[in-house]
Amino acid sequence: MSSITTSPAGNTSTTTPAERTGAHTDEAAALIGGARERIDTLDDRIIGLVQERMAVSAVIQEARITSGGRRVNLSRETAVLGHYRDALGKPGTALAMTLLELCRGRV
């Protein structure tokens, strides 16, 4: 099945599933299309979990600050970095750093 797309310039073209996915067969294109839908669903779930983590982190920071403590607990952040590194390797550390950055200073 092909679809018609319109470019920003207003030109229309017909593309096949294989062309949209970079696959060389319709069978591979179908597999890729289904897998991409699954990835999109997973990405939505991951985003939701990150937003939930941010909310929980805000509660923790508020409690720590209210009790006279600091906003950030460096030993806890080090443990989080280690956990992600152990589970995912070096890229896990970068992912954990991004999560920690997203979760800091929301109070």
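The values are calculated or read from the model by the stated rules, or taken from the named source; none is laboratory data. Remember, predicted model here, so these are calculated numbers, not experimental data. Note that each Cβ is placed from the backbone with ideal geometry, even for glycine, and that neighbours are counted across all protein chains shown. Accessible surface is based on the protein model in full, side chains and every heavy atom, while ligands, DNA and RNA are left aside. Shrake-Rupley method; radii C 1.70, N 1.55, O 1.52, S 1.80 Å.
Can you tell which of 23, 58, 35 is of a type outside the set (Phe, Trp, Tyr) and outside any helix (DSSP H, G or I)? Break it down into steps so the answer makes sense when it comes.
Numbers: 58 fails: outside any helix (DSSP H, G or I); 35 fails: outside any helix (DSSP H, G or I).
So the residue among 23, 58, 35 that is of a type outside the set (Phe, Trp, Tyr) and outside any helix (DSSP H, G or I) is 23.
Does residue 70 satisfy being open to solvent by 40 Å² or more (accessible area, probe 1.4 Å), outside any helix (DSSP H, G or I) and not hydrophobic (A, V, I, L, M, F, W, C)?
On the way: open to solvent by 40 Å² or more (accessible area, probe 1.4 Å): yes; outside any helix (DSSP H, G or I): yes; not hydrophobic (A, V, I, L, M, F, W, C): yes.
Spelling it out, residue 70 is indeed open to solvent by 40 Å² or more (accessible area, probe 1.4 Å), outside any helix (DSSP H, G or I) and not hydrophobic (A, V, I, L, M, F, W, C).
For every residue, the table says whether it meets (1) closer than 17 Å to residue 55 by Cα; (2) in contact (Cβ under 8 Å) with a residue 12 or more places away in the chain.
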{"site": "78", "(1), (2)": "no, no"}
{"site": "81", "(1), (2)": "no, yes"}
{"site": "88", "(1), (2)": "no, no"}
{"site": "99", "(1), (2)": "yes, yes"}
{"site": "103", "(1), (2)": "yes, yes"}
